[in-house]
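S.K.: Quick one: structure below, then a few questions.
Each value in this text was obtained by applying a stated rule to the coordinates, not by laboratory testing. All values reported here derive from a predicted model rather than from experimental measurement. Cβ placement follows ideal geometry from the backbone for every residue including glycine, while neighbour counts extend to all protein chains displayed.
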C-alpha cells in the first residue's frame with residue numbers, strides 16, 4: 001500500500017489546495033509527539049502556499065527549543081480570523097484544548113482530527129483514526145508524502161522526534177517494521193538521531209534532577225512489588241526548583257526494574273484535583289482504567305484526571321491495576 005492509499009480521501013481533499021489559512025492546534029501542555037506532528041504538517045502546507053499558524057493553550061517546553069520552527073509556536077487564548085482548516089493531532093479528547101476547539105468550530109471551514117489513540121471521540125468534521133500506527137508521526141509522514149511534499153530535513157526531524165517519543169523510545173508493543181522504515185527515511189533526509197536524542201534525553205536542569213530524586217524517594221510499592229505509585233505536588237516542585245515539565249519521562253524509570261509491571265503517577269493540578277498518568281508492560285491494559293475516568297491513550301501508556309484524596313485515589317488505582325495484571 002502506498003502513502004496515498006493510506007491517507008483517507010477526505011483528509012487529502014481538505015489539505016490539498018495550493019493555498020489557504022490553516023491552524024495547527026495543540027492540546028494542553030504540548031509534548032514532543034504533538035509538536036513534532038503539527039510542525040511537520042504545518043511546514044508541509046507552507047510548501048504548498050498556505051499561511052499556517054501553530055499553537056495551543058500552553059507554551060512549548062523549553063527542552064524542545066532545539067526543534068526547527070519551535071519559535072513559531074504561539075500561546076493561544078482566543079482565535080482571530082477564519083481558517084480553512086484546523087488540524088489536531090494526538091488529541092483523542094477535545095476537552096484537552098481548554099475551549100479552543102469550541103472556538104475553532106465557529107471560525108473553521110473544517111476541523112481535521114488525526115489520531116491513533118483508541119477511544120478517540122471523532123470530534124472533527126473529518127476524522128482519521130489509525131490504531132495500527134505506532135505513532136501519529138507515522139500518519140503525518142504518510143500525509144506529507146501523499147501531498148507530494150519533499151521530506152526536508154526540518155520536516156524529517158519533526159517526524160522522527162514524534163515517533164521516537166510517541167513510541168517511548170521504541171518501547172511500546174505497537175511498533176512495526178514500518179516504524180523503522182519511516183525512521184530510516186528520515187535519517188536519509190538528513191536527521192541526526194544522536195543530536196535529537198541528546199537534546200531530548202540529555203539536556204536536564206538541576207531542578208529536574210532534584211525533582212526526580214525527591215519523587216522517587218517517596219515512591220510507594222504495592223505488597224507484591226509489581227505496582228509503583230509516584231506523586232508530585234506543587235510544593236515539592238517548588239522546593240526542588242523545578243516545574244511539572246521537568247517530570248517528563250519520570251514515570252518510565254520504575255519500569256526499568258524487572259519486577260515492576262506498572263506505574264501510576266499523580267500530579268497535583270489543584271486541591272483534590274489530579275492528573276493521572278499510567279504505564280505498563282506487556283499485555284497489561286491500563287487504557288481501560290483511564291477510560292473509566294474519562295481519559296484514554298494506549299494499552300501500555302494512558303492518562304486521565306481524578307478528583308479526591310490522594311491516599312484514597314492511590315488505593316483505587318492500585319486495585320484496578322492489580323486486576324489488570326491478573327487479567328493479563
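S.K.: Can you give the Rg and Dmax of the range 1-56 based on its C-alpha atoms, in angstrom?
M.R.: Answer for the range 1-56, Rg first and Dmax second: 12.2, 35 Å.
S.K.: While we're looking at this one, here's another question. Please compute the contact order of the range 206-327 in relative form: average sequence separation of alpha-carbon pairs under 8 Å and at least six residues apart, divided by the residue count, as a percent.
M.R.: Answer for the range 206-327 is 20 percent.
S.K.: First obtain the Kirkwood hydrodynamic radius of the range 197-256 from its Cα pairs, then insert it into the Stokes-Einstein equation at 4 °C and 1.567 mPa s, and state the resulting D in µm² per second as a whole number.
M.R.: In µm²/s, the coefficient rounds to 106.
S.K.: Provide 15, 76 in ascending order of the number of other Cβ atoms located within 10 Å of each residue's Cβ, fewest first.
M.R.: With the fewest neighbours first, 15, 76 line up as 76, 15.
S.K.: Principal axis lengths of the range 58-215 from Cα atoms, whole Å, largest first?
M.R.: 43, 38, 29
S.K.: Any chance you could give the angle, 0 to 90 degrees and rounded to 10, that helix 32-47 forms with the longest Cα principal axis of the chain?
M.R.: Between the helix axis and the principal axis of the chain, the angle is about 0 degrees.
S.K.: Let me ask something else. Kindly express, to the nearest 10 degrees and within the range 0 to 90, the angle between helix 153-166's C-alpha long axis and the longest C-alpha principal axis of the chain.
M.R.: Helix 153-166 sits at roughly 30 degrees to that axis.
S.K.: Can you tell me the relative contact order of the chain? Whole percent, Cα pairs under 8 Å, sequence separation 6 or more.
M.R.: Relative contact order here is 13 percent.
S.K.: What percentages, rounded to whole numbers, describe P(r) for the range 282-328 computed over all alpha carbon pairs with 10 Å bin width beginning at zero?
M.R.: 28, 57, 15, 0
S.K.: Separate question: To the nearest whole percent, what portion of all C-alpha pairs in the range 9-145 is separated by more than 25 angstrom?
M.R.: 16 percent
S.K.: Averaged over every viewing direction, what's the projected area of the C-alpha convex hull for the range 206-327? Give it in nm², one decimal, please.
M.R.: For the Cα atoms of the range 206-327, the hull's average projected area reads 6.9 nm².
S.K.: Fewest to most neighbouring Cβ within 10 Å: what's the order for 182, 70?
M.R.: Ordered by Cβ neighbours within 10 Å, fewest first: 70, 182.
S.K.: Next question. Tell me the relative contact order for the range 74-150 as a rounded percent, counting alpha carbon contacts under 8 Å between residues six or more apart.
M.R.: 26 percent
S.K.: A further question on this structure: Once you have the Kirkwood Rh of the range 223-284 from its Cα pairs, apply Stokes-Einstein at 4 °C and 1.567 mPa s and quote D in µm²/s.
M.R.: Roughly 103 µm²/s, to the nearest whole number.
S.K.: Mind checking the angle between helix 206-217 and the chain's longest principal axis? C-alpha axes, 0 to 90 degrees, to the nearest 10.
M.R.: It is inclined by approximately 40 degrees.
S.K.: Still on this structure, I have one more. If I histogram all Cα-Cα distances within the range 39-82 using bins 10 Å wide from 0, what percent of pairs lands in each bin?
M.R.: Percent of Cα pairs in each bin: 25, 51, 24, 1.
S.K.: Could I ask something else about it? Of all DSSP beta bridges located in the range 206-327, what percent are antiparallel, nearest 5?
M.R.: Here the share of antiparallel DSSP bridges comes out near 75 percent.
S.K.: Could you state the number of Å between the C-alpha centres of the range 15-66 and the range 282-328?
M.R.: With the range 282-328 and the range 15-66 each reduced to a Cα centre, they are spaced 31 Å.
S.K.: Dividing the Cα convex hull volume of the range 58-124 by residue count, how many Å³ per residue is that?
M.R.: 108 Å³
S.K.: Another one. Exposure proxy check: 43, 74 ranked by fewest other beta carbons within 10 Å?
M.R.: 74, 43
S.K.: Hey, what's the Kirkwood Rh for the chain if you take every pair of different alpha carbons, in angstrom?
M.R.: Kirkwood radius, the chain: 20.4 Å.
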